[in-house]
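Chemist: Before anything else, here's the structure in question.
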Amino acid sequence: MTRKLLIFSFAMALTVSASAQAYFSYYQLRELVPQTQSLQPAFIPNNSFTFAMPGLNLGASLDADFKLQDLLAKETGSIDYTIDFDVLLAAANDVNNLNLDVTSNLFHFGLKTKKGAFSLFGNVRAMVHLQYDREFMDFLANGNANRIGETIDFGGTRLLANSYHEIGLGYTRQFLGERLTLGARVKQVTGLFHASLAEGATGSITTDANDYSWQIMVQNGTANTAGLDLFLNDQDYPDNAIQDYITSNDNSTLAFDFGAKFKLFDWLHLEASVNDIGTITYKEQARNYNTQDATVNFTGVQLRGIENSGDVFRDSLESKFTSDETQRQFTTDLTMRSYLSASLFLGERNRFTVMAFNNHVFDEIDPSYAVAYNHSVKKFTFGLLGSYRGSGNEVNIGANIASDIGPVQLYLALDNALASSRPEQYSKADFRFGINLMFGYKKWANKSDIIDLDEL
Amino acid sequence: MKRGLLKNFLALLVILGMASACNLSYFEDAEFGDFVWDPSLAVPIGEISYSINELFDELNDAGAQVGVNDENIVTLSYTETLQSQTASAFMTVLDQNFSGGVAAGVDINNPIVSTTVSLNQTFEFNLSQRNAEEYDSILFTGGNFDITFSSDFDATTDFTMTVQSLVNRATGDPLTISGTLSPSGPTFNSNNNLGDFRGDFTRDAGGNLSTNTVVVDFAYDISVEPGSVISSTDRVSFDMSLTNAEFETVYGDVGTQGLDVNFQVVNLDFFRDFDAGGITFTDPIFSFVFENGFGFPLGIDFKDITAIGNEGQIVPLSGTATDEPTVLAAPTVENIGTTEVTNFELNSSNSNIADLLSSQPRKVIMEVNAATNPANGPEQYNFVDISSLLDVSVQVDLPLIANINNLVAEEFIDFNNGTDLEEAKRLLLRVITENELPLGGNIELQFLDASDNVVFTVSERPVFDAAPIASGDRTTGVATTTVDVEFSDADIRAIENATRIKVLARLSTTDATSGNSVKFFDDYELKIRLAAQADVEITSN
């Protein structure tokens, strides 16, 4: 089992790229799990004080526009898998996204007040977003020989990979009695490792129908990275350079989460949140790999006296472009996420929710939707939900559960619970799991729920 | 309370159950296989341009110089040098002997008193030479001139010999030898280094002009003592021998005789590449440069120049140039040590060399015959200096003005790219030619293995068309040809075993069937561009 889990985890890591990361199911844990404030700052915990177990709250979300078995394909009769661009092409939509989000909650202190709540928290987060169009995958799968006389446009390819740690303070307060709750979190975000294509980076290759010569166009051809040089050229740095860089660097900035919750009726609550508003300006360890805008024609190499033809071919092609490496600072947006939800309460224990999510990566609006049901009793909740990420993707069935055993709270949320069985047949997999120490429920419980032992 | 606790335990079990309910059979015992990338790539491989010079250089095997003539027409040139025999081999002063003697002419028997009898005589000898050679003088540098005197007299004889024809080069005096012969010492030897003398053979004993004449004055006195007896037939004799003569210069007339000139074989490697088909050169030229250091005119005949074909067929040179000897000028006696240069050209107007070279000979035997003082040459006083020599350089120029009709050229190219094809599963090779030459070609490729077995053949197909010629000598445009050669997976696997390629090119000039010749100007260019569509399969291992 351990081996299978390792392979599965590795496969998950390989599938790096996606554009959803909704954590719909995790969202449904709401007031029971204080860390859900990272999705909706307007949530007020049910207990007075929360202490999250360091390192024991973590989650990952991976979604793509293809199934895992499309990426890790197996040929008929083979037990080994490989990456097969033909399979990926067959599974490709016009535009394809691959998103990965990994979050580890380093610490969380929560304190509930009469009108709201405070929180102090720290997370380490990493996310990768890759977007490519069908044309790009067609090129990888089939090359350019079936596009002779045509232009293959790579403009639909985008990449953003970002990792950072954040330390923040949150405050939530109720207004209008208990009808309106507003929450905000301010975070010091420190960028760690980054890789992205510059905004507007595009390129194309046109293959001449007669002599197969290439016309290659590059615009805004810059790839920005940060922190990667510590690995790529580790011999240039002292032994503790990576540790020092992770601990403290000049890539810090402020970011914000905002949330609101409105009780339209006692049985209908509306919620909205926008998280991760901000940018990171990478000043330290910034590297820019630039290729000047150019449209070049490549007709091959001079064949007279040629030796080491592969090297000559590559050098000749490279020499047509003007490239350099700089260390200019650059700014990148955090992956802003927004949630809209409406919850219908059938009594105190049963809640139906419809919600939408968008992660705004690459400034696109491409929401996912979910319908959820949760049954909650005091410190326990259990829920099911179905989520939909648009045409071409399967409907996912998720589940969540949170419960306390004494002061110890365990929770687990999955947007695609079925992925744990035959994960290769799904294009989305996620989990959110954690252990908290929860204190002070009784103070906030309804009087009717409190048993007066003296009266008994 | 118990109910709540139970519920929480059940929840925990659900969590653990969900976490452990993974069905990861897809990954069961699975590992990452090799990553295989199998796109079909259309790639511009590159281009190579051949100037006409370079193109013929490729065919030439370095046997010829590829140059340009005055009209900027590419010309193949072969150069050879011939040389005559040396002066010392051509001219030899024969070893020879001269003898003479003078008798007393009187009988004297026991005179009362001492009596002296004086006698003298001038001798004239003919210097023996070969053939009709006639020498006026020779500057000797070595050799022997030995004389032995002997006396029959029973008396003492004092003699003096003066060889008028041998003049000491230092003093200007003739060779003079004096001595005494006696009954007890009746012989006398005189050994002389011929190198000290100049031979002057221009006067006879009477002082008249002559040639090849050696004049010797001989005189002696006999002292007849009382009691001695001499007979009238007693005499003093001498024997002269001239041996191992070496000379610096010989003057005179060498007559008419042959001067040996070595021959050379001009290997026309250019034609080795050709097999079937025809090539006709319009204006080939053999340019001779003769540098004559001998002091006599020479007559050259070219009749022995012959072309030898691949199968031994012989095409001799003929034409007006062979009708009578070509006369080479010679330095005059005032210019000993210099050379006279004579240029001569064999071309299509005075010989059949166009036919000779159009036979695609593998070699040409370049042999000329030289004879001294030809009948059609000038009258000239002769000399032979020890440094005299006849140097002949000959340049075979083949200006590429030719008609080529289905000429099959054969070339072998090493092929060591088999391993580069391992990842190719299908290959479509596109050859695009842009040809300014008035020469087109069909190409067949035979891939040969190490044992020269043909492992794959690309059948003959037109690869480059001849450029058109509308009028005048030059082509009027570029002929562009595109040809695709497709190799299947099996073809490529076969080619992987090849070690070299036999290229068979069937060449024809523009409008070749009309018999017209075309000119290959040096600025013509054949540009070949290669492109490929390749189905590759690149595996990560």
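The values are calculated or read from the model by the stated rules, or taken from the named source; none is laboratory data. Computed from a prediction, not measured in an experiment: that's the story for all the values here. Here Cβ is always computed from backbone atoms with ideal geometry, including for glycine, and neighbour counts include all displayed protein chains.
Chemist: Being part of a helix (DSSP H, G or I) and of a type outside the set (S, T, N, Q) is the filter here; which residues of the stretch A:241-258 pass it?
Modeler: Within the stretch A:241-258, A:ALA241, A:ILE242, A:ASP244, A:TYR245, A:ILE246 qualify.
Chemist: Could you please let me know if B:PHE383 is surrounded by 18 or more Cβ atoms within 10 Å (Cβ to Cβ) and in the same structural domain as B:ALA490 (by TED's automatic domain parsing)?
Modeler: On the way: surrounded by 18 or more Cβ atoms within 10 Å (Cβ to Cβ): yes; in the same structural domain as B:ALA490 (by TED's automatic domain parsing): no.
It is false that B:PHE383 is surrounded by 18 or more Cβ atoms within 10 Å (Cβ to Cβ) and in the same structural domain as B:ALA490 (by TED's automatic domain parsing).
Chemist: Give the residue that is surrounded by the most Cβ atoms within 10 Å (Cβ to Cβ), with candidates limited to residues of the stretch A:59-91 that are in a strand (DSSP E or B) and not aliphatic (A, V, I, L, M). Talk me through it step by step, then tell me what you get.
Modeler: Filtering the stretch A:59-91 for residues in a strand (DSSP E or B) gives A:59-64, A:73-74, A:81-82.
From what's left, not aliphatic (A, V, I, L, M): A:59, A:61, A:63, A:74, A:81-82.
Numbers: A:GLY59: 23, A:SER61: 24, A:ASP63: 28, A:LYS74: 17, A:TYR81: 22, A:THR82: 19.
The extreme case among them is A:ASP63.
Chemist: So which residues in the stretch A:384-404 are modelled with pLDDT under 85 and of a type in the set (Gly, Ala, Ser), if there are any at all?
Modeler: A:GLY390, A:SER391, A:GLY392
Chemist: Could you please let me know if B:THR141 is part of a strand (DSSP E or B) and exposed (fewer than 14 other Cβ atoms within 10 Å of the Cβ)?
Modeler: Judged against the criteria, B:THR141 is not a match.
Chemist: Continuing with the same structure: Within the stretch B:175-203, work out how many residues are crowded, with 17+ Cβ neighbours inside 10 Å and outside any strand (DSSP E or B).
Modeler: So the count comes out to 5.
Chemist: Take the residues in the stretch A:414-439 that are assigned to a strand (DSSP E or B) and facing another protein chain (nearest Cβ under 10 Å), then tell me which one is surrounded by the fewest Cβ atoms within 10 Å (Cβ to Cβ).
Modeler: Among them, the one singled out is A:SER421.
Chemist: In this structure, does B:ALA534 turn out to be among the small types (Gly, Ala, Ser) and away from every other protein chain (no Cβ under 14 Å)?
Modeler: no
Chemist: For the stretch B:261-345, give me every one of the strands (runs of 3 or more DSSP E) that falls completely inside it and has 1 or more residues that are assigned by TED's automatic domain parsing to the domain that holds B:LEU139, touching a helix residue (DSSP H, G or I) at 6+ places or on another chain (Cβ under 6 Å) and surrounded by fewer than 20 Cβ atoms within 10 Å (Cβ to Cβ).
Modeler: In the stretch B:261-345, no matching strands (runs of 3 or more DSSP E) lie anywhere.
Chemist: A further question follows. Tell me, which residue of the stretch A:192-212 that is among the charged types (D, E, K, R) and within 14 Å of chain B (Cβ to nearest Cβ) is surrounded by the fewest Cβ atoms within 10 Å (Cβ to Cβ)? It would help to see each step written out before you state the result.
Modeler: Looking only at the stretch A:192-212, we keep the residues that are among the charged types (D, E, K, R), and these are A:199, A:208, A:211.
Still in the running and within 14 Å of chain B (Cβ to nearest Cβ): A:208, A:211.
On the way: A:ASP208: 16, A:ASP211: 19.
That would be A:ASP208.
Chemist: For B:PHE9, indicate whether it is modelled with pLDDT of 60 or more, within 8 Å of chain A (Cβ to nearest Cβ), surrounded by fewer than 17 Cβ atoms within 10 Å (Cβ to Cβ) and within 30 Å of A:ASP80 (Cβ to Cβ).
Modeler: no
Chemist: So B:LEU437 fits all but one of (1) touching a Gly at 6+ places or on another chain (Cβ under 9 Å); (2) surrounded by 20 or more Cβ atoms within 10 Å (Cβ to Cβ); (3) of a type in the set (A, V, I, L, M, F, W, C); what number is the exception?
Modeler: (1)
Chemist: Follow-up question, since we're still on this one. Can you confirm whether A:GLU325 is part of a strand (DSSP E or B), exposed (fewer than 14 other Cβ atoms within 10 Å of the Cβ) and touching a strand residue (DSSP E or B) at 6+ places or on another chain (Cβ under 8 Å)?
Modeler: Working: part of a strand (DSSP E or B): yes; exposed (fewer than 14 other Cβ atoms within 10 Å of the Cβ): yes; touching a strand residue (DSSP E or B) at 6+ places or on another chain (Cβ under 8 Å): yes.
So A:GLU325 fits the description; yes.
Chemist: Moving on. Among the residues in the stretch B:410-432, are any among the polar types (S, T, N, Q) and either under 26 Å from B:THR81 (Cβ atoms) or assigned to a strand (DSSP E or B) (or both)?
Modeler: Among the residues of the stretch B:410-432, not one is among the polar types (S, T, N, Q) and either under 26 Å from B:THR81 (Cβ atoms) or assigned to a strand (DSSP E or B) (or both), which makes the answer no.
Chemist: Return the only residue of A:GLN235, A:GLN243, A:GLN215, A:GLN219 being within 14 Å of chain B (Cβ to nearest Cβ) and surrounded by fewer than 19 Cβ atoms within 10 Å (Cβ to Cβ). I'd like the intermediate steps shown before the answer.
Modeler: Values: A:GLN235 fails: within 14 Å of chain B (Cβ to nearest Cβ); A:GLN243 fails: within 14 Å of chain B (Cβ to nearest Cβ); A:GLN219 fails: within 14 Å of chain B (Cβ to nearest Cβ).
Within the list A:GLN235, A:GLN243, A:GLN215, A:GLN219, the selection yields A:GLN215.
Chemist: Here is a follow-up. Return the total of residues in the stretch A:261-311 being within 11 Å of chain B (Cβ to nearest Cβ), on the phi > 0 side of the Ramachandran plot and touching a residue at least 12 places away in the same chain (Cβ under 8 Å).
Modeler: Looking only at that region, the number is 1.
Matching residues to (1) free of Cβ contacts under 8 Å to residues at least 12 places away in the same chain; (2) within 12 Å of another protein chain (Cβ to nearest Cβ); (3) over 20 Å from A:TYR26 (Cα atoms):
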| residue | (1), (2), (3) |
| --- | --- |
| A:THR331 | no, no, yes |
| A:PHE345 | no, no, no |
| A:THR353 | no, no, no |
| A:ALA356 | no, no, no |
| A:HIS360 | no, no, no |
| A:ALA370 | no, no, no |
| A:GLN409 | no, yes, no |
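Chemist: Quick test for you: out of B:SER471, B:SER459, B:SER451, pick the one residue that is closer than 19 Å to B:ASP522 by Cα and without any contact (Cβ under 8 Å) to a residue 40 or more places away in the chain.
Modeler: Numbers: B:SER459 fails: closer than 19 Å to B:ASP522 by Cα; B:SER451 fails: closer than 19 Å to B:ASP522 by Cα.
On inspection, the qualifying residue turns out to be B:SER471.
Chemist: Which members of the stretch A:418-446 meet the condition of being without any contact (Cβ under 8 Å) to a residue 60 or more places away in the chain and on the phi < 0 side of the Ramachandran plot?
Modeler: Within the stretch A:418-446, A:LEU418, A:ALA419, A:SER420, A:SER421, A:LYS442, A:ASN446 qualify.
Chemist: OK, next. Quick check on this structure: which one of B:THR148, B:THR81, B:THR86, B:THR75 is under 30 Å from B:VAL261 (Cα atoms), surrounded by fewer than 16 Cβ atoms within 10 Å (Cβ to Cβ) and touching a strand residue (DSSP E or B) at 6+ places or on another chain (Cβ under 8 Å)? Steps first, please.
Modeler: Values: B:THR148 fails: under 30 Å from B:VAL261 (Cα atoms); B:THR86 fails: touching a strand residue (DSSP E or B) at 6+ places or on another chain (Cβ under 8 Å); B:THR75 fails: surrounded by fewer than 16 Cβ atoms within 10 Å (Cβ to Cβ).
Every option except B:THR81 fails the conditions.
Chemist: Looking at A:THR50, A:THR76, A:THR82, can you tell me which residue is within 12 Å of chain B (Cβ to nearest Cβ) and more than 21 Å from the chain's Cα centre (by Cα)?
Modeler: A:THR82
Chemist: Return yes or no: is B:SER471 assigned to a loop (DSSP other than H, G, I, E, B), out of contact with any Leu (no Cβ under 9 Å at 6 or more places or on another chain) and surrounded by fewer than 21 Cβ atoms within 10 Å (Cβ to Cβ)?
Modeler: Criteria met by B:SER471.
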